[in-house]
Amino acid sequence: MKAYKEMSKEELRALQVELKAQYEKLKEQGIKLDMSRGRPGADQLDLSAPMLDLLTSKVAFEGADGMDIRNYGVLDGIMEARELFAGMMDCSVDHILVCGNSSLNIMYDLVSRAMTHGIFGNTPWCKLDEVKFLCPVPGYDRHFAITESFGIQMINIPMDENGPDMDMVEKYVNNDPTVKGIWNVPKYTNPAGAVYSDKVVRRFANLKPAAPDFRIFWDNAYAIHDLYPENKTEILNIVTECEKAGNPDIYYEICSTSKVTFPGSGVAALVASPANLAETKKQMAIQTIGHDKLNQMRHVMFFKNADNMREHMKKHAEILRPKFEAVLDCLDREIGGLGIGTWIKPLGGYFIAFDTLEGCAKRTIALCKEAGVIMTPAGATYPYKKDPKDTSIRIAPTLPTPDELTKACEVFVLCIKLAAIEKILGEEA
């Protein structure tokens with residue numbers, strides 16, 4: 001079939017009638033699928049179920065340093081867990097602070113403490129007239145929700161397959177002292193699946209911030225989440241590059257096992273310079289005496305080392321790869337050549353980013369919802385939920401079963417087509 005914009009109005013209207021009939025039949029099926037978040041499927045969670053059998057009442061609850069892990073203390077996290085994360089993130093143990101189950105919690109607390117206490121003796125952000133954050137877009141909605149909740153002004157930074165527009169980043173960071181931070185998902189970006197190039201990472205490391213309390217928030221959520229482990233994409237280590245550049249304190253790197261073991265019951269860690277960690281621990285000591293050391297030990301007992309963790313992730317890839325490829329094959333088959341959308345093939349992570357014709361994302365999502373398929377709200381991948389072109393849609397293919405995913409794809413591509421025809425014909429939704 002030729003591209004929609006090459007079709008006459010009569011051809012489009014005839015096609016619209018045909019597609020609407022298909023859409024009504026789908027609605028009659030009573031489909032109920034929620035693809036709004038990037039959640040692991042039950043088969044992925046089953047991979048880590050044996051972990052629950054390891055830490056029993058017969059275990060010697062003693063860490064490597066002789067500490068009784070059932071008791072208070074060890075704010076840094078047990079040494080065994082710190083070593084596990086150091087191997088996972090390719091850095092030394094003195095850069096690791098192991099926390100609770102949530103990387104989002106770590107990021108929220110970092111921003112909150114900067115607001116109330118300041119960073120390295122600088123004025124707390126809440127006492128400043130203006131505080132700004134740079135936000136590569138499309139990006140992670142929960143990042144934007146954090147900064148919006150504190151009243152921080154967010155500035156869109158466009159991205160391509162190599163990462164953010166670094167000319168724009170450098171212009172803001174190096175010249176505007178009100179710019180205090182920038183959000184990043186550097187490997188398999190959420191939602192576009194892009195990987196920051198070596199040049200981009202080095203430019204980040206070599207920033208010369210006008211604000212002495214500027215921080216790069218490096219949310220490396222998908223550091224080991226490769227869909228094609230034998231041909232995995234590598235990214236430069238932000239820790240090493242910042243140290244080389246003489247900027248050892250400029251970043252906070254955050255990671256977790258949320259999509260490695262159990263979301264909500266995993267372990268999260270902050271990777272930062274010893275100076276950053278010392279300040280964080282000083283403030284954190286008022287908040288908690290220590291995190292869940294039993295859960296940390298359970299993960300250590302299960303994985304033993306980072307190499308085993310990577311082997312574990314190959315099992316995840318075996319489950320996820322067919323799901324991603326099913327969606328991509330459907331898009332190629334049903335949308336390819338029609339000129340009504342664009343997408344890329346991610347090599348890892350949890351999402352597929354789809355761009356509709358301008359002004360069609362909200363309508364597409366609304367049509368999907370009416371047919372029983374719930375997707376991430378249009379606009380969510382932009383600060384303030386305002387996608388200026390109304391094009392960005394985040395597809396989360398991980399939770400549904402293969403059969404459910406097939407049905408969801410059928411609904412999705414049909415809704416894309418209907419929304420596009422309405423747009424081209426100039427019809428109001």
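The values are calculated or read from the model by the stated rules, or taken from the named source; none is laboratory data. Please read these numbers as outputs of a predicted model, since none were measured by experiment. When we count neighbours, we look across all protein chains shown, and the Cβ atoms used for this are built from the backbone with ideal geometry, even at glycine. These accessible areas exclude ligands, DNA and RNA; they are computed on the full protein's heavy atoms, side chains included. Shrake-Rupley method; radii C 1.70, N 1.55, O 1.52, S 1.80 Å.
Remarks
- Per-region count, the range 173-206, residues buried (at least 20 other Cβ atoms within 10 Å of the Cβ) and not small (G, A, S): 18
- Near pairs, Cβ below 6 angstrom, 6+ apart or cross-chain, from the range 62-81 (closer than 15 Å to R298 by Cα) to any residue that is open to solvent by less than 50 Å² (accessible area, probe 1.4 Å) and polar (S, T, N, Q): G77/Q296; I78/Q296; A81/Q296
- Answer from P346, P377 - the residue that is open to solvent by less than 20 Å² (accessible area, probe 1.4 Å) and assigned to a loop (DSSP other than H, G, I, E, B): P346
- Residue in the range 96-103 that is surrounded by 13 or more Cβ atoms within 10 Å (Cβ to Cβ), under 20 Å from H312 (Cβ atoms) and either among the aliphatic types (A, V, I, L, M) or modelled with pLDDT under 95 (or both) present: yes
- Filter pass, G121 being of a type in the set (G, A, S) and open to solvent by less than 50 Å² (accessible area, probe 1.4 Å): no
- For the range 11-22, a residue qualifies if it is hydrophobic (A, V, I, L, M, F, W, C) and either over 14 Å from M1 (Cβ atoms) or in contact (Cβ under 8 Å) with a residue 60 or more places away in the chain (or both), and the qualifying residues are L12, L15, V17, L19, A21.
- Within the range 31-53, the residues that satisfy the criterion of being hydrophobic (A, V, I, L, M, F, W, C), in contact with a helix residue (DSSP H, G or I) (Cβ under 7 Å, 6 or more places away or on another chain) and at pLDDT 95 or above are L47, M51.
- Unmet requirement for S112, which otherwise passes all of (1) assigned to a helix (DSSP H, G or I); (2) in contact with a helix residue (DSSP H, G or I) (Cβ under 6 Å, 6 or more places away or on another chain): (2)
- Screening the range 208-311 for strands (runs of 3 or more DSSP E) wholly inside it with 2 or more residues that are open to solvent by less than 50 Å² (accessible area, probe 1.4 Å) and farther than 21 Å from K180 by Cβ returns the ranges 251-256, 268-271.
- The residues on offer are K32, K25, and the sole one that is more than 21 Å from the chain's Cα centre (by Cα), open to solvent by 60 Å² or more (accessible area, probe 1.4 Å) and touching a residue at least 12 places away in the same chain (Cβ under 8 Å) is K32.
- Number of positions in the range 76-89 that are open to solvent by less than 30 Å² (accessible area, probe 1.4 Å) and not in a helix (DSSP H, G or I): 2
- Candidate set: the range 1-20, residues that are among the small types (G, A, S) and surrounded by 10 or more Cβ atoms within 10 Å (Cβ to Cβ); chosen: the one farthest from M375 (Cα to Cα): A14
- Selection within the range 35-51: residues that are without any contact (Cβ under 8 Å) to a residue 24 or more places away in the chain and among the aliphatic types (A, V, I, L, M). The member of this set that is nearest to R142 (Cα to Cα) is A42.
- Residue list for the range 386-411, restricted to those being hydrophobic (A, V, I, L, M, F, W, C) and open to solvent by less than 10 Å² (accessible area, probe 1.4 Å): I393, I395, A396, L405, A408, V411
- Qualifying residue in the range 155-165 (condition: closer than 21 Å to S36 by Cβ and in contact with a Phe, Trp or Tyr (Cβ under 8 Å, 6 or more places away or on another chain)): no
- The single condition from (1) open to solvent by less than 30 Å² (accessible area, probe 1.4 Å); (2) not in a loop (DSSP other than H, G, I, E, B); (3) not small (G, A, S) that E170 fails is (1).
- Residues of the range 352-366 that are open to solvent by 10 Å² or more (accessible area, probe 1.4 Å), of a type outside the set (K, R) and not in a strand (DSSP E or B): L357, E358, G359, I365, A366.
- The combined condition, being more than 18 Å from the chain's Cα centre (by Cα), of a type in the set (G, A, S), open to solvent by 20 Å² or more (accessible area, probe 1.4 Å) and under 22 Å from R394 (Cβ atoms), is fulfilled by S149.
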